[in-house]
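Visitor: Sharing a structure with you now.
The values are calculated or read from the model by the stated rules, or taken from the named source; none is laboratory data. None of the values given here were measured: they were computed from a predicted structure. All Cβ positions, glycine included, derive from the backbone under ideal geometry; neighbour counts span all protein chains shown. For accessibility, only protein heavy atoms count, side chains too; no ligands or nucleic acids. Shrake-Rupley method; radii C 1.70, N 1.55, O 1.52, S 1.80 Å.
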Amino acid sequence: MKRSKINDIIREADAFIRSFGYIMPPFAYWSPDEMKAHKADSSAIFTSRLGWDITDYGQEKFDDLGLFLFTVRNGRYEDMKLGMGMLYAEKIMISRKDQLSPMHRHNIKAEDIINRGGGKLVLELFMHDRDGGIDPKAEVSVPVDGTITRLPAGGLLKLDPGQSVTLLPGVWHAFWAEGKDVLIGEVSTVNDDLTDNVFREPIGRFSNIDEDVAPLHLLVSDYEKWVG
């Protein structure tokens, strides 16, 4: 993706999020130079990979295959092992109308996916087999706002604004917005996008960036290169 397109997506996403009354934390608006200046006193932002995240999964077709994310808070896997500390994470996301977030599952993360507003959020769901792959026959059983919902393998769960679904580790899911763009909330156990995403197809998690202009704000995938 061109950096200029990423900058445009950030501006559009910020306006869309604000239209629902959700206000981003102050560090969201730090410039790259300000991010570098805060390296020492705000190290958790970098170690927990908080911030902007825009992905086309390395496929160069964001409008059809992509997702906007912002990680607001995130704990550490070390605390998960101890069973105490910050064991949770929160993201705000945007799925554009008919934009696919491809089929994947998580080994460790359990998550609530919440339709915060806009169109319908559609999820295609499968259970996992004994090897962790997709079970093409098993019935899917997931809690929707605390009430168990059952679907056939590959069934489509449609969430209206205000509804949410709990996805436990191993549940395969793809999703997209129907009718209008959707603002999505994610509340989960500790999130690790570097190691805990298993995709059905051999695709990447992050975008390849063409630096045609300077970044408006850094993405989480920029931190190592730009901040160190």
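Visitor: Just one of (1) at negative phi; (2) open to solvent by 50 Å² or more (accessible area, probe 1.4 Å); (3) at pLDDT below 95 trips up LYS5, so point out which.
Guide: (3)
Visitor: Give me the pairs, please: first residue somewhere in the stretch 108-126 and over 23 Å from GLY170 (Cβ atoms) and open to solvent by 30 Å² or more (accessible area, probe 1.4 Å), second residue anywhere and assigned to a strand (DSSP E or B) and among the charged types (D, E, K, R), beta-carbon distance under 9 Å, and either six or more positions apart or on two chains.
Guide: Listed by first residue and then by second, the contacts come to LYS120/LYS158; LYS120/GLU178; LYS120/LYS180.
Visitor: Let me ask something additional. Does the stretch 210-228 contain any residue that is more than 18 Å from the chain's Cα centre (by Cα), modelled with pLDDT under 95 and among the small types (Gly, Ala, Ser)?
Guide: yes
Visitor: Inside the stretch 174-209, can you point out the residues that are under 11 Å from the mean Cα position of the chain (by Cα) and of a type in the set (Ser, Thr, Tyr)?
Guide: SER188 - this is the single residue of the stretch 174-209 that is under 11 Å from the mean Cα position of the chain (by Cα) and of a type in the set (Ser, Thr, Tyr).
Visitor: Looking only at residues in the stretch 31-45 that are open to solvent by less than 50 Å² (accessible area, probe 1.4 Å) and in contact with a Gly (Cβ under 9 Å, 6 or more places away or on another chain), which one is farthest from MET93 (Cα to Cα)?
Guide: Per the criteria, the residue is MET35.
Visitor: Pairs under 7 Å by beta carbon, first residue touching a residue at least 60 places away in the same chain (Cβ under 8 Å) in the stretch 191-209, partner of a type in the set (Ser, Thr, Tyr) and open to solvent by less than 30 Å² (accessible area, probe 1.4 Å), six or more apart or different chains?
Guide: ASN191/THR71; ILE203/TYR57; GLY204/TYR57; ARG205/THR55; ARG205/TYR57; PHE206/THR55; SER207/THR55
Visitor: A follow-up question, please. Within the stretch 64-85, how many residues are surrounded by fewer than 16 Cβ atoms within 10 Å (Cβ to Cβ) and at pLDDT 95 or above? Break it down into steps so the answer makes sense when it comes.
Guide: Step one: list which residues in the stretch 64-85 are surrounded by fewer than 16 Cβ atoms within 10 Å (Cβ to Cβ), which gives 64, 73, 77-79, 81-85.
With at pLDDT 95 or above added as a condition, the list becomes 64, 73.
Of the residues in that region, 2 qualify.
Visitor: Next question. Output the qualifying pairs, or none if there are none: Cβ atoms under 9 angstrom, residues six or more apart or on different chains, first residue in the stretch 152-173 and at positive phi, second residue polar (S, T, N, Q).
Guide: Within 9 Å, the pairs are GLY162/ASN115; GLY170/ASN107.
Visitor: Among the candidates LEU121, LEU87, which residue alone is hydrophobic (A, V, I, L, M, F, W, C) and in contact with a helix residue (DSSP H, G or I) (Cβ under 7 Å, 6 or more places away or on another chain)?
Guide: Values: LEU121 fails: in contact with a helix residue (DSSP H, G or I) (Cβ under 7 Å, 6 or more places away or on another chain).
Criteria check complete, one pass: LEU87.
Visitor: Let me ask something additional. I'd like to check something: does the stretch 164-187 contain any residue that is open to solvent by 10 Å² or more (accessible area, probe 1.4 Å) and touching a helix residue (DSSP H, G or I) at 6+ places or on another chain (Cβ under 7 Å)?
Guide: For the stretch 164-187, residues open to solvent by 10 Å² or more (accessible area, probe 1.4 Å) and touching a helix residue (DSSP H, G or I) at 6+ places or on another chain (Cβ under 7 Å): present.
Visitor: Does the stretch 128-145 contain at least one residue that is surrounded by fewer than 16 Cβ atoms within 10 Å (Cβ to Cβ), within 21 Å of LEU65 (Cα to Cα) and either touching a Pro at 6+ places or on another chain (Cβ under 8 Å) or among the charged types (D, E, K, R) (or both)?
Guide: No, because not a single residue in the stretch 128-145 is surrounded by fewer than 16 Cβ atoms within 10 Å (Cβ to Cβ), within 21 Å of LEU65 (Cα to Cα) and either touching a Pro at 6+ places or on another chain (Cβ under 8 Å) or among the charged types (D, E, K, R) (or both).
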